[in-house]
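Read through the structure below, which is laid out as structure tokens, and then see the notes.
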């Protein structure tokens, strides 16, 4: 499993810069974006909300 640092460290220098952090991966968004079109539909948002609620 990749660590957050490994994922965000785009240039591989072992450090995460501000720009790498801000522009880095968005795992919650990516998980919610089920059709991988870069946008969240109402259905995708509802499904993500339901998954989050189930964790409580």
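Helix 42-54 and the longest principal axis of the Cα set of the chain meet at an angle near 80°. Largest mean-square fluctuation among 39, 31, 18, in a Gaussian network model of the chain whose springs join Cα atoms under 10 Å apart, belongs to 18. The Cα atoms of the chain cover 38, 26, 19 Å along the three principal axes, with the biggest extent listed first.
Values in this text are rule-based calculations from the coordinates and carry no lab data. All values derive from a computational prediction rather than experimental measurement.
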